[in-house]
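Student: Have a look at this one before I ask anything.
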Amino acid sequence: MSAATPARESLPASLALRFCGLEFASPIVLLSGCVGFGEEYTRVEGFSNRDAGALVLKGTTLARRLGNAPHRVCETASGMLNAIGLQNPGADYVVQRILPHLDFSETRFIANVCGSTVEEYVEVTRRFDDSPIDAIELNISCPNIKEGGIQFGNVPQMSARVVEACRRATQKPLITKLSPNQTDIRENARCCIEAGTDAFAVINTVTGMAIDINQRRPVIGNTHGGLSGPAIKPIALLKVKEVYEVAGPRGIPIIGQGGISSAADAIEFLIAGATAVGIGTALFYDPLVCQAVNRGIAEYLAAQRLRHVTQLVGTLEPAREPAAEAVC
């Protein structure tokens, strides 16, 4: 059972929405891997989990993982490469030792389930099904581990297998995290909907690398990693639009994510078809960014004479047709 609806006294009513039956006080979702297990940023003065509609916990596997060898993070132009390798203490530890200390009155908490096999995804999902977690995100698109992860996310039939198996293991809302590193994200979305997903997170990071020219070696110990930050925003926007073309008519909501660092960024994703917007990398250089994004969205809604943030979702107009040339 989920905890009581998070308090939202400090946020405008225009920002509240329902996502997979869950009440969000804001369209902002704090993304997995960027806020640990929900407590790290609470140490920053002025930060509050209440500024977000939901928070996605760090990726969790069945057994504990130490993660990849260093270097794990590399700053790039307008972005960041990371290859943490899903370091985590294991599902049982998270459920038994971490979840009891989270304040479920602050926001909605979403588990991020990872695995190397379909069976592992199912077992981790079962652990979280028997917990107070509000929803489960299936991370089938992680680009920085050597097994599982992105291998599942880039093949629609494999994605569907994971979703279908996990769907049988839980009654909680399932959010499938889609990879941009695939041929046809629309087809993958269709397969996952048929398999039983309740929502999508679009997109995960884009695979990339960086090279140390002095040593002529990859900077990242894993050779490649996931690129996040403003550099991937145009890619993410297009992928949200493409998934919305499939998911929107079926009433399947999307968390749009990838390079959001301002209210204008967030509004673009909402117009493209996202119901909620994910913020991650921006937190590393502006831990209080959520307050500015909430304020900016509310001001935009008021200026546009819109009463509710959901009135923006999927309102993208077609591109203008080029003017016809005059005939002589």
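The values are calculated or read from the model by the stated rules, or taken from the named source; none is laboratory data. Since the model is a prediction, treat every value here as computed from it, not as a measurement. Note that each Cβ is placed from the backbone with ideal geometry, even for glycine, and that neighbours are counted across all protein chains shown. In case anyone asks, the SASA skips ligands and DNA or RNA and just uses the protein heavy atoms, side chains included. Shrake-Rupley method; radii C 1.70, N 1.55, O 1.52, S 1.80 Å.
Student: In the range 34-56, which residues are in contact (Cβ under 8 Å) with a residue 12 or more places away in the chain and either touching a Lys or Arg at 6+ places or on another chain (Cβ under 6 Å) or of a type in the set (Ser, Thr, Tyr) (or both)?
Tutor: Gly36, Phe37, Tyr41, Ser48, Ala54
Student: If you go through the range 220-249, how many residues are crowded, with 18+ Cβ neighbours inside 10 Å and not in a helix (DSSP H, G or I)?
Tutor: Here the count works out to 7.
Student: Here is a further query. I'd like the full set of residues that are farther than 17 Å from Ser14 by Cα and in a loop (DSSP other than H, G, I, E, B), limited to the range 261-281.
Tutor: Ser261, Ser262, Gly273, Gly280, Thr281
Student: Are any residues in the range 272-294 free of Cβ contacts under 8 Å to residues at least 40 places away in the same chain, open to solvent by 10 Å² or more (accessible area, probe 1.4 Å) and within 12 Å of Ala52 (Cα to Cα), and if so, which ones?
Tutor: Correct list: Ala292 only.
Student: Under 24 Å from Thr42 (Cβ atoms), surrounded by fewer than 17 Cβ atoms within 10 Å (Cβ to Cβ) and in contact with a strand residue (DSSP E or B) (Cβ under 9 Å, 6 or more places away or on another chain): is that true of Arg64 in this structure?
Tutor: Taking the combined requirement at face value, the residue satisfies it.
Student: Let me ask something additional. Given Ser78, Ser32, which one is of a type in the set (S, T, N, Q) and under 27 Å from Leu312 (Cα atoms)?
Tutor: Ser32
Student: With the structure loaded, tell me whether Ala298 is closer than 28 Å to Met80 by Cβ, small (Gly, Ala, Ser), in a helix (DSSP H, G or I) and in contact (Cβ under 8 Å) with a residue 12 or more places away in the chain or whether it fails that test.
Tutor: no
Student: Same structure again: For the range 8-20, which residues satisfy the criterion of being modelled with pLDDT of 95 or more, open to solvent by 50 Å² or more (accessible area, probe 1.4 Å) and not hydrophobic (A, V, I, L, M, F, W, C)?
Tutor: Correct list: Pro12, Arg18.
Student: For the structure I just gave you, tell me whether Thr207 is surrounded by fewer than 24 Cβ atoms within 10 Å (Cβ to Cβ), of a type in the set (S, T, N, Q), out of contact with any Phe, Trp or Tyr (no Cβ under 7 Å at 6 or more places or on another chain) and outside any loop (DSSP other than H, G, I, E, B).
Tutor: yes
Student: Exactly one condition in (1) within 30 Å of Phe19 (Cα to Cα); (2) crowded, with 20+ Cβ neighbours inside 10 Å is false for Ser48; which is it?
Tutor: (2)
Student: Is it the case that the range 15-32 has a residue that's over 18 Å from the mean Cα position of the chain (by Cα) and of a type outside the set (A, V, I, L, M)?
Tutor: There is no residue in the range 15-32 that is over 18 Å from the mean Cα position of the chain (by Cα) and of a type outside the set (A, V, I, L, M).
Student: Determine which member of the set Thr42, Thr5 is more than 30 Å from Thr223 (Cα to Cα), at pLDDT below 95, over 15 Å from the mean Cα position of the chain (by Cα) and not in a loop (DSSP other than H, G, I, E, B).
Tutor: Every option except Thr42 fails the conditions.
Student: Still on this structure: Only one residue in Ser116, Ser131 is in a loop (DSSP other than H, G, I, E, B), modelled with pLDDT of 95 or more and open to solvent by 10 Å² or more (accessible area, probe 1.4 Å). Which one?
Tutor: Criteria check complete, one pass: Ser131.
Student: Taking the range 96-113 on its own, how many of its residues are open to solvent by 40 Å² or more (accessible area, probe 1.4 Å), part of a helix (DSSP H, G or I) and in contact (Cβ under 8 Å) with a residue 60 or more places away in the chain?
Tutor: Going through the range 96-113 one residue at a time, the tally reaches 1.
Student: Something else now. Which one of these does Ile260 not meet: (1) farther than 18 Å from Leu174 by Cβ; (2) open to solvent by 10 Å² or more (accessible area, probe 1.4 Å); (3) not hydroxyl-bearing (Ser, Thr, Tyr)?
Tutor: (2)
Student: Among the listed residues Ser159, Ser141, which satisfies the condition of being more than 30 Å from Ala13 (Cβ to Cβ), assigned to a helix (DSSP H, G or I) and under 17 Å from the mean Cα position of the chain (by Cα)?
Tutor: Just a single option satisfies the conditions, and that option is Ser159.
Student: Next question, about the same structure. Are any of the residues in the range 23-30 part of a helix (DSSP H, G or I) and aromatic (Phe, Trp, Tyr)?
Tutor: no
Student: If I ask for residues that are open to solvent by less than 10 Å² (accessible area, probe 1.4 Å) and in contact with a Lys or Arg (Cβ under 6 Å, 6 or more places away or on another chain), which ones from the range 175-204 would you list?
Tutor: Result: Ile185, Ala201, Val202, Ile203.
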